[in-house]
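One structure is given here, and the rest of the page talks about it.
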Number of protein chains: 2
Amino acid sequence: MQQEEVEIEMKNGITAPKGFKAAGIHCGIKKSKKDLALIYSTSPATAAAVFTLNKVQAAPVLICKEYLLRAKKHRAIIVNSGNANACTGEQGYKDSLLMAEKTAEALKIKPEEVFVSSTGVIGETLPMNIITNGISKIVNFLEEDDNFSAAEAIMTTDTFVKAASESFDINGKVVTIGGIAKGSGMIHPNMATMLAFVTTDAAIEKESFQTIIKDVTDKTFNKIVVDGDTSTNDMVIALANGESGIDNIKPDTAEYDLFSEKLFNVLKKLSIDIVKDGEGATKLVEINVEGALSDQDAEKAARTVALSPLVKTAIHGEDANWGRIIAAVGYSGIDFDPAKFEIIINGIPILKQNYTVTLPIIEANKTLKSKEIKLVLKLNCGNGESTLWTCDFSEEYVKINGSYRT
Amino acid sequence: MQQEEVEIEMKNGITAPKGFKAAGIHCGIKKSKKDLALIYSTSPATAAAVFTLNKVQAAPVLICKEYLLRAKKHRAIIVNSGNANACTGEQGYKDSLLMAEKTAEALKIKPEEVFVSSTGVIGETLPMNIITNGISKIVNFLEEDDNFSAAEAIMTTDTFVKAASESFDINGKVVTIGGIAKGSGMIHPNMATMLAFVTTDAAIEKESFQTIIKDVTDKTFNKIVVDGDTSTNDMVIALANGESGIDNIKPDTAEYDLFSEKLFNVLKKLSIDIVKDGEGATKLVEINVEGALSDQDAEKAARTVALSPLVKTAIHGEDANWGRIIAAVGYSGIDFDPAKFEIIINGIPILKQNYTVTLPIIEANKTLKSKEIKLVLKLNCGNGESTLWTCDFSEEYVKINGSYRT
């Protein structure tokens, strides 16, 4: 699904908060597209991060984890696209270290203040000459109002740049959160790298920042099907430099809740952009499961429905084929009573309890006409609930499945 | 993948064993294709069956389970395609009962001697007038040497008929096992019905037959990715009528092992046909995982690789992208040491331990040229192993992912 407005304001992302600069250039890993990004905080920033749970972890993931613990404050994030530096053994580890060192050298900071990130092909070593040359060049391109170049340089199969920011007031001071992300152009990218970088001029202590980043990531990036399985390189890194001038945001305060809410907005926007950029996607689907025995069950059911190619093709074909939905929940592994199942699409009930169909098929199908679909599944057996976002399936796959009824 | 030889001998399936007749006709559920099948044993037969584990179970599944327990011997299987009679509540249950009754009436046997099976759209009640008319007609078409019509009548989105049989000698007597199956034309048909019907003129007691059918199903139909998730209607039903004249096959005998082996051959052939008929499939892929900590771990790893769209598109694009394979194992949830991972494609090692690439990419890619691919994944950390069959991904999906490297 092409974004209708592809123009991202140059500052409407990681450079929106005060005291952040960014750059994105072509250094030569890819043929001609931008492939190196740098994010820089002009003052020391508190960092928080969430990493892939894949058993196979790329070298940059290992180094970021180490540096997150080793340094109290951080200053920069260097990212290359076109090569993931994963499954590259000792050499890969050394290469990621060198990326941090060279970036630190050029910025006159310490290596452990630099986070390193890579995305692209697995199993090939990085072209380090090209990258170290690129690093010495990119520092000269750092700009306070250019978010776009960095957001572009982290893309792989993405078809549009993903950036967002929000500004709000805390005790009379303007606080801003910005972020960029990359997903991938694939339907069910169980291996595609999901990268997100977040900047803010809020002041917050490391432990609180980690909690907040983890919580909001769980409600956003971890609730899109693109993120259902984790790659060797997935990471979310966030920097808070305090340049807004506010006091530290403490847990259990109104400021903390406000910051969480605004962070949620920014990360949700990026998450949804990743879903919209799913290969061949033409519809954004929000799935709400309600009334499960637990939130975990609701999550399981929602995820199974979101992953079901048959549900996704039916949605694409605007066929309100509720049987595919109930059957997907049936094999999700949760306990429920199929006869109590209810389905509401975009506010219109199409299935009530006891398999009662409330609308003729042709009317039910109309509920799927819009580009954004809200699918509510009521299990009516408890209070568990979960929301996640996914997209439809289109193309050849649909030629067979979408027309199965006719 | 179109079968190269579409011609199935008329008798080369469920009518190959002695004392079985079959028929397949168009009764009117579908517009013009055959949609009703009947399998009939001229003498009482011992039955065994395996059913879907889906929480949502279609009416025919419930009735077959009941009849399997209630009757000692069985005589017939009536199957309709075009409508799954699933999620149809009380009415659906009554309709399936009626299908058995009408079949029993026409064949002058008892209703509980008849198994009932349905496949097609979920959530719509059966057109019972059409079906009961069809049943009274189909009994007149029963033939001893027509397997093809029944095999055709159980198809939904299948593109070719799936049938197989094997004959072998037990104590100087010829024993035959025959089978037909339907899968679906979908890439990852987590809801498509998998039906298989097996006939044999062997003599075997009910308990032993159930054990053997369950064991062999686990090694065949449960080892294809098509069967990774179970539909509301999945079933395997087998009838053994003893017409070969052999003595009962007993457990722990050479005859038992021979029968198991031949049954495996028949069901493996049907399973592989289902995989080959995967939508857009151009390659059949056998995945062997060796050296896992347990067989369960090996199975998990193999299944995750088989389900990975990125691995499947790479195989389609003849891109020996081993990074995608190792990463899929990485998120499969099993414990292993990525540095010990080895990959062999069609007998040629492409990755040795410590991420050692043994061939230039262009040479490694050649291992994927053939239509049948054998992928051996060695984890080198235990003795667990598993084999399963899957297919590649083609089409639009591949246009993006298959050319990711270039």
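Taking amide hydrogens as placed 1.01 Å from N in the peptide plane, the amide H of A:C391 sits under 5 Å from those of A:V285, each at least 5 positions away in sequence or on another chain.
Taking K and R as +1 and D and E as -1, what net charge do the other residues with C-beta under 12 Å from the C-beta of B:Q353 add up to?
Result for the local shell: +1.
Take each residue in B:81-87, count the other chain C-beta atoms within 10 Å of its C-beta, and the mean is 3. For chain B, a Gaussian network of Cα nodes joined below 10 Å ranks B:E105, B:E385, B:E152 by mean-square fluctuation, and the top entry is B:E105. Using a Gaussian network model of chain B in which every pair of alpha carbons under 10 angstrom is joined by a spring, one finds that among B:E90, B:E372, B:E255 the greatest mean-square fluctuation is at B:E90.
Peptide B:115-124 has a mean of 3 when you count, residue by residue, the C-beta atoms of other protein chains within 10 Å of its C-beta.
Between A:D215 and B:E143, the C-beta separation translates, for a Förster distance of 60 Å, into a calculated FRET efficiency of about 0.35. Only beta bridges with both residues in the protein assembly as shown are counted; by DSSP, about 70 percent of them are antiparallel. Each listed q (0.14, 0.18, 0.29 Å⁻¹) maps to a log10 I(q)/I(0) for the stretch A:279-318, found by the Debye formula over equal Cα scatterers with no solvent: -0.35, -0.54, -0.99. A simple packing score, the average count of other Cβ atoms within 10 Å per residue, orders the peptides B:109-120, B:331-342, B:157-168 as B:109-120, B:157-168, B:331-342, with the highest score first. Coupling constants for the stretch A:245-254 follow from the phi torsions by the Karplus curve (6.51 cos²θ - 1.76 cosθ + 1.60, θ = phi - 60°), and in residue order they are x, 6, 6, 3, 6, 9, x, 6, 10, 4 Hz; glycine and proline get x.
As a rough footprinting exposure proxy, the listed residues A:L375, B:L98 were ranked by other beta carbons within 10 Å of their own, and the order from fewest upward is B:L98, A:L375.
On a per residue basis, the convex hull of the C-alpha atoms belonging to the stretch B:20-276 measures out at 107 Å³. Sorted on the mean count of surrounding Cβ atoms within 10 Å across their residues, most packed first, peptides A:357-365, B:266-274, A:142-150 read B:266-274, A:142-150, A:357-365. Projecting 7 Å from Cα along the Cα-to-Cβ direction, the label point of A:F141 sits 6.9 nm from its equivalents in the other copies, listed shortest first.
When the Kirkwood radius is taken over all Cα pairs of the protein assembly as shown, what Stokes-Einstein diffusion coefficient follows at 37 °C and 0.692 mPa s, in µm²/s?
Working: Rh = 28.3 Å.
Rounded, D is 116 µm²/s.
Counted over chain B, the DSSP beta bridges are approximately 70% antiparallel. Per residue, the convex hull spanned by the Cα atoms of the stretch A:255-347 amounts to 122 cubic angstrom. On the beta carbon distance between B:K33 and B:Q353, with R0 = 45 Å, the FRET formula returns roughly 0.25. Each residue of the stretch B:294-309 was assigned a 3J(HN,Hα) from its phi angle through the Karplus curve 6.51 cos²θ - 1.76 cosθ + 1.60 (θ = phi - 60°); the sequence is 8, 4, 4, 4, 4, 4, 4, 5, 4, 5, 5, 5, 5, 8, 6, x Hz, with glycine and proline shown as x. Taking amide H positions as modeled 1.01 Å from N, with prolines and chain starts lacking one, the residues under 5 Å from A:K162 and 5 or more places away or on another chain are A:A181. Near A:T199, the amide H atoms lying under 5 Å from its own belong to A:G178, A:G179, A:L239; only residues 5 or more places off or on other chains count, and H is placed 1.01 Å from N. Please find the FRET efficiency linking A:D247 to B:S294, where r is the Cβ-Cβ separation and R0 is fixed at 45 Å, and quote it to the nearest 0.05. Taking R0 as 45 Å, the efficiency between A:D247 and B:S294 is 0.25.
Building the convex hull from the alpha-carbon atoms of the stretch A:284-401 and averaging its projection over directions returns 6.3 nm². For the options B:L38, B:L62, B:L284, a Gaussian network treatment of chain B with springs between C-alpha atoms closer than 10 Å singles out B:L62 as fluctuating the most. Residues of A:329-338, mean number of Cβ from any other protein chain within 10 Å of their own Cβ, rounded to a whole number? Rounded to a whole number, the mean comes out at 5.
No value in this document is a laboratory result; all are computed from the given coordinates. Note that this is a predicted model, so its numbers are computed, not measured. As a convention, Cβ positions derive from the backbone with ideal geometry for all residues, glycine included, and neighbour counts pool all protein chains shown.
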